[in-house]
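Only the coordinates and a few stated rules stand behind these numbers; no lab work does. Being a predicted model, the structure only gives us computed values, none of them experimental. All Cβ positions, even for glycine, are placed from backbone atoms using ideal geometry, and neighbour counts span all protein chains on display.
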Amino acid sequence: MDLPAILDIAIALIFIYLILSLLASEIQEIIAAFLQWRAKNLKEAIEILLGGVVQKQPTNPEELGQLPTIETKTKEADVKNAITLANKLYQNSLIQSLNQTTLRMFIRSSKSGPSYIPSETFTSALLEELELDKVLQEFRKNDQFKKDIVEIVEKIKLSDLSINLKKNLTIFAKRAQRKTQNIDEQIYQFEREIETWFDQSMERASGVYKRNAKGFAIVLGCLIAAGANADTLRIFSMLSKDAVLSAGISQYANQTVQICEKEKPDNYLDCINSKVNKNELSKLSLPIGWNSFPQFNKEPQIVFKKIIGLLLTGLAISMGASFWFDLLNKFINVRYAGKKPTASNETSDSSK
C-alpha cells in the first residue's frame, strides 16, 4: 500500500469523525440550552464565590444523632446568606437584562438566568446591593472620618453577608488603600479587585463545566456511535479493502475544505457543517449504519470486537470537531500538496 492510499484512508476516517463530532456538538448544545446547564453552573459558581460552602452529609450512624457544632451552624448560615445574596443580585436590573429566553417543552418560552455575566456588571450589581454609594455619600458629608476605603467597607451593612465575603471585601479594600491615598482612586481600585476576583472564580467554574461536559460528550459519543454503527475497526477495515471508497471520501473532504477556505468564514466548523450535503454523503456510501444485525449469540467473539470499535468511535467523537478539523487540514495539506498551483504561478501563466 503506497503513501497516497494510506493518506486517503486517514483522511476518510478523520472526515467521518468530523461529521459525527459536528452532530454530537449540535445535540449537546441543544441539550445544554434546554436544561440551562451554563446558567445553572454560573449561578452555583456565584453562590460559592459569595461564601457558600458545600456541606458534607454525615454518613456514620453515630454522627446522625449529634447536634450541629458552632462551625457547622456558621457554614450553614454562610450558605444561606450566599444563596440569598445571589438571588438578590439576580434580581438586579443589570443582571436581569442579561437573562435569556429558552424554549420549555417546545410549547412555551420562559426566562432563564444568564449563561455569562461580565465582571464589570457583577461588580456594579454587588456594590449596588451593598449600598456603597449611600455609605460613600455619608462619609463625604462627615469630616470626622478619615475617608479611606477600608473604613467605608467596614461601615457597609455586612450583617447578612457570609464571613468569607466580609473577609474578602476587607482584603480588597486594604489592597486598594495601599495603592493610592485618594478616596476616588481607592474606590476604583476596589472595584478592579472585585472584578479580578470574579474573573478568577469564573475561570475555575469554566474548568468544572468543561470537565462535566467532557464526561457527557463521551457518553453521547458512544450513543451516536452505537446508533450509527460507526465502528472504528469496521470502518478502517472497509476503507483499507476499498481504495475507491477511501479515495472518494478523501476527495470530497478536500473539496469541502477548499470551498470553506475560499469563503474565509468566521467559523470554519459552521461552514463545513453547512457545506456537507446529505445526498452527496449517501452517494459516497460511508461505511456506517446498520445494514444487518450480526448474530451475537452464534458468534460471541464478534461482541467484544464490536464494543471496542464503538468505544473507540465514541472517544474520538468526544474529542470535538475542532480537533478533527485541524487534523484533517494537516493531512489534506500533505496528501494534496503540490497539486494546487500557487497564486504567483497562476499570475505568471495568465501574463503569458
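How much FRET efficiency would the formula 1/(1 + (r/R0)^6) give for Ser274 and Arg211, where r is the Cβ-Cβ distance and R0 is 25 Å, rounded to 0.05?
The value I calculate is 0.25.
Work out how much length Met319 to Glu129 would gain on full extension: take 0.36 nm times their residue separation and subtract the Cα-Cα distance, in nm to one decimal.
64.2 nm
Within region 239-273, whose backbone N sits under 13 Å from a point 7 Å along Cα→Cβ of Ser285?
Counting backbone N atoms under 13 Å from the label point, the list is 239, 241-249.
I'd like the FRET efficiency for Asp2 and Leu94, computed as 1/(1 + (r/R0)^6) with the beta carbon distance as r and R0 of 51 Å, rounded to 0.05.
Working: r = 64 Å, r/R0 = 1.25.
The pair Asp2/Leu94 has a calculated efficiency of 0.20.
Magnitude of the Cβ-charge dipole of region 152-254, K/R +1 and D/E -1, about the Cα centre, nearest 20 debye? Kindly include the intermediate steps, with their values, before the conclusion.
Details: 15 positive and 11 negative charges, 78 e Å.
Dipole magnitude for region 152-254 comes out near 380 debye.
Could you pull out the pairs from Lys264/Lys330; Lys40/Lys167; Lys275/Lys305; Lys80/Lys214; Lys134/Lys167 whose alpha carbons sit more than 29 Å apart here?
On the way: Lys264/Lys330 17 Å; Lys40/Lys167 26 Å; Lys275/Lys305 34 Å; Lys80/Lys214 31 Å; Lys134/Lys167 21 Å.
Pairs exceeding 29 Å: Lys275/Lys305; Lys80/Lys214.
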